[in-house]
Amino acid sequence: MTLGVREAYGRWAERYDVETAVTALEDEVARALTPAFAGRALLDAGCGTGRRLPEPGSGACPLAVGVDLVPAMLRAGRGDRPSRPVAAADVRALPVPSRTFDIVWCRLVLGHLPDPASAYAELARVVRPAGAVIVTDFHPDAAAAGHTRTFRDAAGTLHAVEHHTHPVEEHLRAAEATGLTLTRRIDAEIGPSVRPFYERAGRLERYARDRGLRLVLALRFAR
């Protein structure tokens with residue numbers, strides 16, 4: 001059964017920090033697209049537990065803020081990250097002033113929305129002129145190949161999460177309508193960096209079958 005986003009992430013919260021092939025590959029390419037944090041303010045829109053946020057007030061990143069739709073996700077991150085500023089809100093209505101951040105992340109979020117346009121409008125609103133917006137999504141090629149967004153809850157039960165496939169062109173149209181300009185794109189493929197996840201799961205035959213499949217779409221836009 002496919003779960004709605006709020007219910008799914010509420011159930012996933014306790015185990016969300018456990019890396020998967022998708023999240024590990026996504027982090028690899030998102031970091032590759034992200035400018036240096038030094039002297040820059042960061043917003044992670046759809047931060048989950050906040051695990052990717054750098055420490056606030058550090059020399060590397062003077063301000064790092066997370067926003068997520070599901071309070072249970074934010075609470076799950078509080079134990080290890082009590083000092084990181086976070087807020088419960090929808091990425092389509094971010095509770096922050098316009099032109100506040102130099103870097104805005106929106107990672108593996110937009111596929112959970114039927115239409116990404118309103119989210120792109122908010123991402124463009126809160127980023128400063130000359131700032132960077134980094135968006136990642138479950139790749140349309142992976143969806144076409146039968147891959148789905150799934151997770152295991154604390155009891156080990158496998159669940160699917162509501163997901164909407166957005167072609168790359170849909171992302172680009174939505175971004176361009178808000179004044180964002182694409183500066184770099186990465187189509188991240190299943191390959192050696194995520195092979196250990198298949199190996200630990202005893203699914204190397206699936207790795208051999210899927211190697212080269214584009215799994216994560218990563219886009220960097222300039223304001």
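Only residues that are assigned to a helix (DSSP H, G or I) and not acidic (D, E): list them for region 138-182, please.
If the condition is that a residue be assigned to a helix (DSSP H, G or I) and not acidic (D, E), then P140, A142, A143, A144, V168, H171, L172, R173, A174, A175, A177 are the ones that fit.
I'd like to check something: does region 183-197 contain any residue that is in contact with a Gly (Cβ under 7 Å, 6 or more places away or on another chain) and assigned to a strand (DSSP E or B)?
Within region 183-197, one or more residues are in contact with a Gly (Cβ under 7 Å, 6 or more places away or on another chain) and assigned to a strand (DSSP E or B).
Going residue by residue through region 116-129, is there one that turns out to be within 20 Å of P35 (Cβ to Cβ), under 15 Å from the mean Cα position of the chain (by Cα), surrounded by 21 or more Cβ atoms within 10 Å (Cβ to Cβ) and at pLDDT 95 or above?
yes
Within the set of pairs 6+ apart or on separate chains, which have a first residue in region 198-223 that is under 30 Å from A174 (Cα atoms), a second that is among the aromatic types (F, W, Y) and outside any helix (DSSP H, G or I), and C-beta atoms under 8 Å apart?
L215/F138; V216/F138; L217/F138
Just for region 18-41: of the residues that are closer than 23 Å to A143 by Cα and either outside any helix (DSSP H, G or I) or hydroxyl-bearing (S, T, Y) (or both), which one is nearest to the chain's Cα centre (by Cα)?
T23
Tell me which of these V86 doesn't satisfy, since it passes every other one: (1) touching a helix residue (DSSP H, G or I) at 6+ places or on another chain (Cβ under 6 Å); (2) more than 20 Å from L158 (Cβ to Cβ); (3) at pLDDT 95 or above.
With (1) touching a helix residue (DSSP H, G or I) at 6+ places or on another chain (Cβ under 6 Å); (2) more than 20 Å from L158 (Cβ to Cβ); (3) at pLDDT 95 or above applied to V86, the lone miss is (3).
Would you be able to tell me the number of residues in region 91-110 that are closer than 19 Å to T34 by Cβ, assigned to a loop (DSSP other than H, G, I, E, B) and of a type in the set (A, V, I, L, M, F, W, C)?
Result for region 91-110: 5.
The values are calculated or read from the model by the stated rules, or taken from the named source; none is laboratory data. All of these numbers come straight from a predicted model, not from anything done at the bench. Cβ: placed from backbone, ideal geometry, glycine included. Neighbour counts: every protein chain shown.
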